[in-house]
Amino acid sequence: MKQTVWIMTRVLRYCFKYILGLVLVFSFSSLIRVGVNFLNRNVINELTENAAAGRISVLFFICLICYLVVWLLSIFQGYLEAFANNLFRLKVDVFMQKIFMKKSVQITQERFFETDFQNQYSFVCGNTNRASAYIFNLITILFSNIAVVFSSVLLFAKYEPMLIAYAFSVMIFQGVHTIITSNISYNASKKQIKAERIGAYLAGLFVDKRTAKEMRIYDCFKFFMSKWEYNNERLIHERIKIDNKQIAYNHAVEIINVLLRFISIYILLFGVTRNKYDTGTFVMLFGLAEVCVSGIRSLTGNVFSGIFGDAKYFKDYYEIVAPIDKKQIAEALRNSTNEDPDEERYFTDMKLENITFTYPNADRQALKGVDLHLKRGEIVSILGYNGSGKTTLSKVLSGAFTEYGGNVKLNGNDISGMPKASIYRYFGIAPQEYTIFSLSIRDNVSLGCIEKMNDDDELEIACQKAGMQNIIGKFPLGDATILGKEYSPDGVELSGGESQRIILASAYMGSPEILLLDEPTASIDPIHEVEILKNFREILSGKTAVLISHRIGFARLADRIVIMKEGRIVEEGSHDDLLAQNGFYAEMFNKQKKLYE
Amino acid sequence: MRKNKTLKCILFQIKKSYKTNKSEIPYLIAAGLMEEAQNMLSMLFPAAILSIISGGGKAQKALIIVTSVNLLLVIFSFLVEYASRALCLHGIRLVNTMQLDMNRKTMHMNYADIKESSYINKYDTASDGIWKSSDTVHYLFRVILSRVVMISATLFIFIRVHFAVAAVVFATIIFDYAMNAHIVKKQHANDTENAVYRNRQKYLDDTLFDQNVQKDASFNSANAFLLHKRKELTKSILQVVRKNTMLDFTDNTIGAACTLVRTVFTYLIALKQYIAGKLHIADFLLFISAAQQMTDAFFQMVNAAEYIRKAVNYCDDYLKYMEIPETDRTEGNLEVPKHFHVLEFRNVSFKYPGRSEYVLRNLSFTVNTNEVMAIVGDNGAGKSTLVKLLLRLYKPSSGEILLDGVSIHDYRYDDYTALFAPVFQDYMTYSFTVGENIYFGNTPASAGANADLYKILDKVGLKDKISALPEGLDTPYTKRFDPHGIVFSGGEEQRLVIARAFAKAGAGSMILDEPTASLDPLAEYEINKLIHSVAADDFLIFISHRLSTTKFADKIIVLQNGEPAEEGSHADLMGLDNGIYKTMYCIQSSYYTDETMRMSEKNK
């Protein structure tokens, strides 16, 4: 409940105008429905009393004209509804996404390694538009029914108070029914997330171009298919179970409703035969009872399912978005391009003290007590086999992981209290697993430092540093060329080496204080690698760099080589020092050297 | 032609529905008729009551009618709900079957077609086509059929009262429909314009919600930027929405005007008949509600027809996809000989479909079953392309690839691909179990098979790791779906993929297309050595840009810009003065000499 209120108040504040408009439109339209019934009463009475006697009174014509007005109003209302629906929902969707995305940035990266979190994340992602739908439905239902129910109850009170009891009992039964069924469907859809995720994963495999190759050569298609079918069958099976439960409840409430309706008609018949009221009133009450009960049913049905069903989705949404207080929202909603680019960010040193780190769900530590001191102007290379903890260390270093043991001090201050954004500002990062967005080359590069987005010089320098000039030159559109086909059919596909250079360029963007490169040349061939490395020190111009690699050639560029093995730093020093130590590095170096002899 | 398409698609849908579930269509018809009965009862009910009351009838009689009508309504609603539930599951099953057929088709299609840039659009269109045409049978048998019944019934009431009413009702409805069709066409044009934006929006949304993207979102300002892009898109979309809403408004106004004419006319006629004493007050009520029912029924029918009209196009997209030729699979029917000796590339040139530049030019070489071959060269030299040609994923633009003198395309596709166990550069690992990643359910899970599997794991050096796991080969791979899943390091993953190649039954030829790029040279060398020592009854082909790791090959082919530059053993190639191989080799080995050191010292 708290979560729903939290979200609702934010949305209300965000688009108050629209909501007010919607409320007016719906309340008005619901009154029309009652009005029609009231008109019917007069028309019938006119017909039975006057017209039967061959007279047509002025009142009758007034009634007919009222009909016309009602029709016209309902057209206008339809238009307003459609318009408000489109505008409002788009606006709220964007708003909800915005909060979610901004929060995403603040979520520490290790959480993305938790299976439960992954499930919750995709659950919420798939349901962000639920908020707009929910609020819109709530407003529609509340305001298009409240007036109906209220005014018909007033008319009941005047002509047949017994009907109020009827309406009230319908409400109670419907309410109970909705609470039960919406609980069932919420729990069911939560239970199905995993199967749905598996389904989506498998469906994705069938279109993946890499899988296409393996499917053809390894004949694993049948296997994928059987998995997929099994998963579908399981989904359907669960669906049946839920449906059966729900249908039982539906039937029960349906029977009760029919019985109640039966009683209400009996009450009316009793009234009209005892001449408590005339035929017109009978027709009106008869119509009103239907309108009022359907109003009550949709009101209780949806409001309850809102509170007990949809609101639970809000809870998940809230759990991911929260805790995020007023100040954080204000900060999050502030466009990051507005951040002060000239803020002082001079790097002097960074100190890692006894760092330990364990991945969620993992049984062993990825880092087992690492000490590292990084000084300005140094090039440090972290060298080690796959799985030795190099990348993990880099993520602790850059503040992506926060749940580590030990201390990280940036310029002497512990980073655990600092906002993430102010840590990142020191870094230019080329991660090992990168994403190339289906945007222009320019956009992809400038994502490294969005503040400098429109700075052509900066962009050109970054591209030059990464050796990208001939890539850009290849395309007629230059750096405006869109990458990938997803966004534009004219997009181009880059090779692995070319993509890696784009990531490299984005790391260079804005001349960061610390350059953090994780296997930056893995798919760049040796000849081009030499070109990139040749001028590395010049390019860096006194700034600091951390190079993560398993390649010795790359490591030799560094002032200091840090050797990692099984989550620990085993050796540290310059190339010559390490060779003289005759330890792990020397062994690795000599073995590899032998390959070329 | 167009008629044929409509007929073809509708027949296809009926056939598919019948095949998936024989009882679907009877269910649909029954549900539709039941709903119609409900509608008719609700239409007659108020009039019946009014007629009793105004006729001074007894309350008991009215009570009987009320009771029986309500009971009927309950029974009908039960039946309809029951049928709907069954139908809903049928719908899901139908969609699943069609999706399954489509996936099978995808698997059988030419690889070149899949790699085509327009492919993903074709796939999406066809996939959309399934969903957007899946209700065809429903509309045909449930909606249209039952609405026709309703229209006939109301028509009967009208004709009894006054024929002119029926005529006016029809005329206004048809006019309204014609205008509506016109407006829908305009809206459709707008939507087509909007489709580009919608696609982009979809991409942005998918990207924004991609966990892998979000994981790293904190490193850059991607979120803010993508959201900004989305906001701009929303503006463009809103413009189209506004246009369409205006059209909606026009449509509504026309519709309302028609309704007005219809209503006024109906009321006037009814009034006239009533005053003339030809119409009872109860009939008056019935007459008015019949007019409403008829209009509703007509519009629902028109909507259903409209749906089917659209669905035919969507279904056609699907059928078009299903009719994409499978030439690569179907050409060639020779049996592959049990023993073969020589593979030959003869003047092979290749350019990717739709491109003008050649990736491979005039490539000729032969390799014998007892030779180990290495193909080396820079990125983009055409190494991986060569593998794809060999595996019949693509066809050479010119020239031939021959196995024992016979073009590989003349062999039966399945037999031929069964010969090879390649490990691709961009190999996939799957979030199934560890064992399934190796044998894909192809091997029966007998005790002997498991022992064989462990033998393979021993070869690639994974045995200890996997036997240490409590669930062994049944351990889920990756944590994507299971928190207890195991995550392999890059090196272990590569070994796993190599084990998969070893486990492929009956495949005597191995191809390693740089699966070891992220390993250190030593590890790559060891893996290559390992494969060299244990594998390949037939052909063994290594591809690498690291020259140190393929030194041992009997024959090394150096590719440069798609052309074979040099060929020979390591010793031969090192003997060439200013040779490409030699130059590359020197650069790579310089990391281990003082060359680089001097270079970087100079920079210091």
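Every read-out reported here was derived from the displayed coordinates using simple, explicitly stated rules and does not represent laboratory data. Values in this document were obtained by computation on a predicted structure and should not be read as measured data. With ideal geometry, Cβ positions are generated from the backbone for all residues, glycine too; neighbour counts draw on all protein chains shown.
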message = Need one number: nm distance between label points at residue B:526 and residue A:154, each 7 Å from Cα along Cα→Cβ, rounded to one decimal.
response = 8.7 nm
Computed label-point distance, nm, for sites residue B:131 and residue A:241 using a 7 Å Cα→Cβ extension = 2.6 nm
key: Cβ neighbours within 10 Å from other chains - mean over B:37-47   = 1
key: Principal-axis tilt of helix B:59-108 within chain B, Cα atoms, nearest 10 degrees   = 20 degrees
inquiry  = For a quick check of your reading of the filter: which trypsin sites (Lys or Arg not before Pro) in the stretch A:349-396 sit in a DSSP loop and have no more than 16 other Cβ atoms within 10 Å?
reply    = A:364, A:376
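Taking R0 as 56 Å, what's the FRET efficiency between residue A:73 and residue B:471 from their Cβ-Cβ distance, rounded to 0.05? Numbers along the way, then the final one.
Numbers: r = 68 Å, r/R0 = 1.21.
Given R0 = 56 Å and the Cβ-Cβ separation, E is 0.25.
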message = Take residue B:184 and residue A:315, extend 7 Å from each Cα along the Cα→Cβ direction, and tell me the distance between the two endpoints in nm.
response = 4.3 nm
key: Gained length - residue B:331 relative to residue B:72, 0.36 nm times residue gap less alpha-carbon distance   = 86.9 nm
Other protein chain Cβ atoms within 10 Å, averaged over every residue that makes up B:239-245 = 3
Cβ-based net charge around residue A:44, under 14 Å, with every Lys or Arg adding one and every Asp or Glu removing one = -3
ask   = With θ set to phi - 60° and the Karplus curve 6.51 cos²θ - 1.76 cosθ + 1.60, what are the ³J(HN,Hα) couplings of the stretch B:163-173 in order, to the nearest whole Hz, using x for Gly and Pro?
value = 5, 4, 4, 4, 4, 5, 4, 4, 4, 5, 5
query = What is the helix-to-structure angle for A:193-207, meaning the angle in degrees between its Cα long axis and the longest Cα principal axis of chain A, kept from 0 to 90 and rounded to the nearest 10?
reply = 60 degrees
ask   = In deg cm²/dmol and to the nearest 500, what is the mean residue ellipticity at 222 nm of chain A if only DSSP H runs of at least 4 residues count, each as -39500 (n - 2.57), divided by the residue total?
value = -21000 deg cm²/dmol
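Would you work out if the protein assembly as shown is rounded, prolate or oblate? Take a ≥ b ≥ c from the square roots of the eigenvalues of the alpha-carbon gyration tensor; rounded if a/c is under 1.5, else prolate when a/b is larger than b/c, oblate otherwise.
Details: a/c = 2.59, a/b = 1.98, b/c = 1.31.
It comes out prolate by the Cα gyration axes.
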request  = Within a 10 angstrom radius of each residue's Cβ in B:379-392, how many Cβ atoms of other chains show up on average? Whole number is fine.
outcome  = 2
task = Name the residues whose placed amide hydrogens come within less than 5 Å of the amide hydrogen of residue B:423, ignoring near sequence neighbours (fewer than 5 apart) on the same chain.
result = B:511, B:512, B:513
request  = Name the residues whose placed amide hydrogens come within less than 5 Å of the amide hydrogen of residue B:475, ignoring near sequence neighbours (fewer than 5 apart) on the same chain.
outcome  = B:434, B:435
task = Using a/c under 1.5 as the rounded threshold, could you call chain B rounded, prolate or oblate? The axes a ≥ b ≥ c are square roots of the C-alpha gyration tensor eigenvalues, and prolate needs a/b larger than b/c, oblate otherwise.
result = prolate
remark   = Longest principal axis of chain B (C-alpha) makes with the long axis of helix B:490-503 (C-alpha) an angle, in degrees to the nearest 10, of 90 degrees
ask   = Which links in A:213/B:465; B:463/B:504; A:91/B:235; A:98/B:231; A:91/B:231; A:593/B:551 stretch past 20 Å when you go from one Cα to the other?
value = A:213/B:465
message = Looking only at Cβ-Cβ distances, which cysteines of chain B have no other cysteine closer than 4.7 Å?
response = B:88, B:258, B:586
Shape of the stretch B:2-322, Cα gyration tensor, a/c cut at 1.5 = prolate
ask   = From the backbone phi of the stretch A:507-517, what are the Karplus-calculated ³J(HN,Hα) couplings (6.51 cos²θ - 1.76 cosθ + 1.60, θ = phi - 60°) in whole Hz, Gly and Pro given as x?
value = 6, 6, 3, x, 6, x, 5, 10, 9, 10, 10
task = Work out, step by step, the length gained on full extension between residue B:533 and residue B:319: first 0.36 nm times the residue separation, then minus their alpha carbon distance; give nm to one decimal.
result = 72.1 nm
key: Entries in A:351/A:395; B:16/B:320; A:452/B:229; A:222/B:16; A:368/A:565 that, when Cα-Cα distance is taken, lie over 19 Å   = A:222/B:16
